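Enquirer: Okay, here's the structure, questions in a sec.
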Amino acid sequence: MNPPKDLAHLTIRPASPDDVEALYAVYAELAADGAVEPQQSKSLRQTFEEGWIRDRAVYAAHLDGFVAGGYFLRANFPAFAAHIAQGGYLVARSVRRQGIGRKLVEHSLHEAATAGYTAMMFNLVMESNPSRHLYESLGFQRIGTIPDVHGTESAFIYWRSLTG
């Protein structure tokens, strides 16, 4: 692991086209690690565009001149419960476990509340995902389990109110 970075220099802002390219590189890192995989009929790039960019607000975290990670924000259930936000997060391998993920989630909670969402929900957090502990420390409750999502590994559904 690299030495911890000074997060005082971390800025999070809406992603530019160059930021999106950098976020795709982080996404490709995750794919190489086996943490994400393309849909069977689509390329990794298509999966990223559909799952991370299209119809979402996308933010990039800049640290010391590079994109250290980012997140997307969107309505979780646009047709039925558009007041519930969904977010997804990426942190570059070289700066993981240094607090950037926490900063991204905190920023997304603020942005979601500012946008008028009343809750945030994560639909598919794999059991092996270490971010589960971060979500729980930020007040998310595990409200459901989906068995056998990836082989025999289960995934969890997390929810948190943004109104109080």
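Enquirer: Students often check this: by mean Cβ neighbours within 10 Å, which of 115-123, 78-86 ranks highest, and how do the rest follow? All intermediate terms of the calculation are to be shown ahead of the outcome.
Expert: Numbers: 115-123: 17.8, 78-86: 14.1.
The packing order, highest mean first, is 115-123, 78-86.
Enquirer: Here's something else I'd like to know. If you scale each eigenvalue of the Cα gyration tensor by 5 and take the root, what three semi-axes come out for the chain, rounded to whole angstrom and sorted largest first?
Expert: Working: eigenvalues 98, 79, 58 Å².
The equivalent ellipsoid of the chain has semi-axes of 22, 20, 17 Å.
Enquirer: When the accessible area of segment 19-117 is split by element with a 1.4 Å probe, what percent falls to carbon and sulfur? List each step's numbers first, then the result.
Expert: On the way: 2420 of 4700 Å².
It is 52 percent, rounded to a whole number.
Enquirer: How much length would be gained if the chain were fully extended between THR145 and ARG93, taking 0.36 nm per residue of separation minus their Cα-Cα distance, in nm to one decimal? Don't jump to the answer; show the numbers that get you there.
Expert: On the way: separation 52, 0.36 × 52 = 18.72 nm, distance 2.75 nm.
Difference between extended and current length: 16.0 nm.
Enquirer: Whole number in Å², please: accessible area per residue of the chain, 1.4 Å probe, ligands, DNA and RNA not counted. Could the numbers behind the result be given before it?
Expert: Working: 8810 Å² over 164 residues.
Ligands and nucleic acids excluded, the figure is 54 Å² per residue.
Enquirer: So if R0 is 30 Å, what FRET efficiency would PHE77 and ARG102 give, r being the distance between their Cβ atoms, rounded to the nearest 0.05?
Expert: Working: r = 26 Å, r/R0 = 0.87.
Rounded to the nearest 0.05, the efficiency is 0.70.
The values are calculated or read from the model by the stated rules, or taken from the named source; none is laboratory data. All values derive from a computational prediction rather than experimental measurement. Note: ideal-geometry Cβ built from the backbone for every residue, glycine included; neighbour counts use all protein chains shown. Accessible surface areas use protein heavy atoms only, side chains included; no ligands, DNA or RNA. Shrake-Rupley method; radii C 1.70, N 1.55, O 1.52, S 1.80 Å.
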